[in-house]
Amino acid sequence: MKLLDRVQSPADLRGLSPEELRQLAQEVREFLIATCSVTGGHIGAGLGVVELTIALHYAFDTPRDQLVWDVGHQGYPHKVLTGRKDQMHTLRQENGISGFLKRTESEYDTFGAGHAATSISAALGIAAGRDLNGQDFKVAAIIGDGSLGSGLAYEALNNAGASDRDFIVVLNDNEMSIAPNVGAMHKYLTSVQRNPIYNRLRSAIGDWADHAKGVFKDAGTLVRRWEESVKAFLTPGVLFEELGFRYFGPIDGHDIPQMIETFKAMREFKGPRLVHVITTKGKGFPAGEHGEKWHALPPGHDPTTGKPLKASTANPNYTAVFGKALGELMDEYERLVVITAAMPSGTGTGTAAKQHPSRFHDVGIAEGHGVTFAAGMATQGARPVVAIYSTFLQRAFDGIVHDVAIQNLPVVFAMDRAGLVGEDGETHAGLYDIAYMLAVPNMTVTAPKDGRELVALLRTAVEHESGPFALRYPRDVPPDLVPHAKEIPVVPHATWEVLRKGENVAILAVGTMVGESLKAADALAAEGLPVTVVNCRYLKPYDATTLAALLATHQQLVVVEEGTVVNGFGAFMASVVAAHDPAVRVHALGVPDRIVYAASRARQLAQCGLDAAGIAARVRALHETEALAG
């Protein structure tokens, strides 16, 4: 029987010997590799924190002591060791185990997290709540060095250090977020690890001090104290000490006994303290050294290579189409620059980075900074394209309004993963960008119906001189093969496209919903219900001419969008139409006002009534209601 099969909770591992803990770590790693080869998932971060997770649960009295994991990518070993091993085969599936931390899933998941850099703030809040309640459990935030580059993490460190709160931060330093880390903090954290002079000096001093005899024995203790003082000037600890934290480390994040000893000591101290551990992201993955492509892997991959077991025959996805076109447009437009937030591969901008490195900027996990950085560049005549997932761009909303829109600067927002995102679930769904971008003055908001229109709108955005331009596109595969960008012209400003003419009911479809609406129209036509289908590629400004023509010939408009129905394009059109012709009714069909949990993207669309069957059913119901009223 494997050791892992005996561990149903952290209490079970606390009785194991150091050798058994090392064996357990190997079994957890093998289990995760085998499981994720079937389910897919963010495997790299989890493989890197196996020993760290074991040590934390061994040294702390969880769940009474509370561990707050950052992002959730680190959480797979934590899930396995907290009673969810037998459910891991359902990872990221409908009604299965979440790919992130989730408070409703386990008492050990003290705080949910799908976005980076929330752990220190949340853990400090938990500690403050504990003190308010007169309790005495321990709280530890586990944050990666990539997340530490986020402004939210700095704000939390600044507040925590000044609070004198009993509170621990564990810095998991693996030199990676998704892509290799960038920025001054990354350089600062790695400087001591890679300084051979310091490391040789420290080793030599340690050997001498530990083996000093006679009159030199007492001197050895003094030398040890001197060495610790020197370390304070040479290691990252000086920064954290100045922020009010007691600093410990760096220590080997794969040495379980050393970490257990350190964490047990940490439990006895009071006040803010930080433990710096060095780990290897993707440790033990059979395909070799973990790179950016091993951050997350799809279901059904070969664990020895990371490659899919079945070759895909689908068209390139929207991300790939965007990335290729972006590189080609950078060849044409010398002022075009690209900004992303730690995700060159995820946003498709890695190609542009290789082709035009001087005009590519990865700002790290710092979306707010990236937006304001883009605004500054725009004042100097550059044309910045800010490529950030829709869900992550939410973190930069103030900069979009205050720094870009109010100054009417020509910044392009390329919002990947707009809409429902399938297995990544509720924390990564890009459902709110239509609502928040429509509310921003001077903002142009667009959504393409296919890959060719994506490239056409991207060219339009780059050539757009008056104010910011937002372009949203899904985590999906376009229905068409896309030629080179130079062969695709701009889309005329504020224009819609009538794709099918019908009677009485017009479907105003946004982006991905155009294809589904055309399928719905085919089904309805076969039933004797011909409807009009319009590609509303410009949400703001809308096509006033086409809308006026629709109002003159249609009694009902059905607005279909892959975004929140609350304050979305349908709500916007309802207010516009009410001002022009109150007799025409507008029906909004979008993602309902509830959380949409992980499932396949197709399943999520069906649940929300946003597939062809759901759209046809909505139109059919309107027709039946009208017939009854007549």
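Students often get this wrong, so check it: of 102/270; 85/324; 307/540; 283/449; 264/307; 324/519, which have C-alpha atoms separated by over 31 Å?
Flagged as over cut-off: 85/324; 307/540; 283/449; 264/307.
Extending each Cα 7 Å along its Cβ direction at residue 544 and residue 504, get the distance between those two points in nm, one decimal.
If labels sit at residue 544 and residue 504, their model points lie 3.2 nm apart.
Give the Rg (one decimal place) followed by the Dmax (whole number) of the chain, computed from C-alpha coordinates and expressed in Å.
For the chain, the Cα radius of gyration and maximum Cα-Cα distance read 27.4, 108 Å.
Just tell me which aspartates and glutamates come within less than 19 Å, Cα to Cα, of residue 486; anything on the same chain fewer than 8 places away is out.
328, 331, 332, 334, 450, 453, 463
Relative contact order for the chain: what percent, with Cα pairs under 8 Å and sequence separation of 6 or more?
11 percent
Treat every Asp and Glu Cβ in the chain as -1 and every Lys and Arg Cβ as +1, leave all other atoms uncharged, and give the resulting dipole magnitude about the Cα centre to the nearest 20 debye.
With only Lys, Arg, Asp and Glu charged at Cβ, the dipole is about 660 debye.
Given all pairs of different Cα atoms, what value in angstroms does the Kirkwood hydrodynamic radius of the stretch 497-629 take?
Roughly 14.8 Å, rounded to one decimal.
Enter the angle in degrees (range 0 to 90, nearest 10) between the Cα long axis of helix 612-629 and the first principal axis of the Cα atoms of the chain, meaning the one along which they spread out most.
50 degrees
May I ask you to list the trypsin sites (Lys or Arg not before Pro) in the stretch 550-630 that are in a DSSP loop and have at most 13 other Cβ atoms within 10 Å of their Cβ?
Of the trypsin sites (Lys or Arg not before Pro), the ones in loops of the stretch 550-630 whose Cβ has at most 13 other Cβ atoms within 10 Å are 594.
When the helix-only estimate is applied to the chain (DSSP H runs of n ≥ 4, each -39,500 (n - 2.57), divided by the residue count), what is the mean residue ellipticity at 222 nm, nearest 500 deg cm²/dmol?
One gets -12500 deg cm²/dmol as the mean residue ellipticity at 222 nm.
How many nm separate the modelled label positions at residue 251 and residue 154, each set 7 Å beyond the Cα in the direction of the Cβ?
Distance between label points: 2.9 nm.
Could you list the chymotrypsin sites (Phe, Trp or Tyr not before Pro) in the stretch 319-391 that lie in coil according to DSSP, counting only those with at most 16 other Cβ atoms within 10 Å of their Cβ?
Qualifying residues, ordered by number: 333.
In debye, nearest 20, what is the charge dipole magnitude of the stretch 371-500 about its Cα centre with +1 on Lys and Arg Cβ and -1 on Asp and Glu Cβ, if you could check?
200 debye
Where does helix 216-234 land angle-wise versus the long Cα axis of the chain, in degrees 0 to 90, nearest 10?
Taking Cα atoms only, the helix is inclined about 20 degrees.
On a full-extension model of 0.36 nm per residue, what is the gain between residue 553 and residue 594, subtracting their alpha-carbon distance, rounded to one decimal in nm?
Full extension from residue 553 to residue 594 adds 11.3 nm.
Where a number appears in this text, it was derived from the coordinates with a stated rule and is not lab data. Quick caveat: nothing in here was measured; it's all calculated off a predicted structure. So basically every Cβ, Gly included, is an ideal-geometry build from the backbone, and we count neighbours across all protein chains shown.
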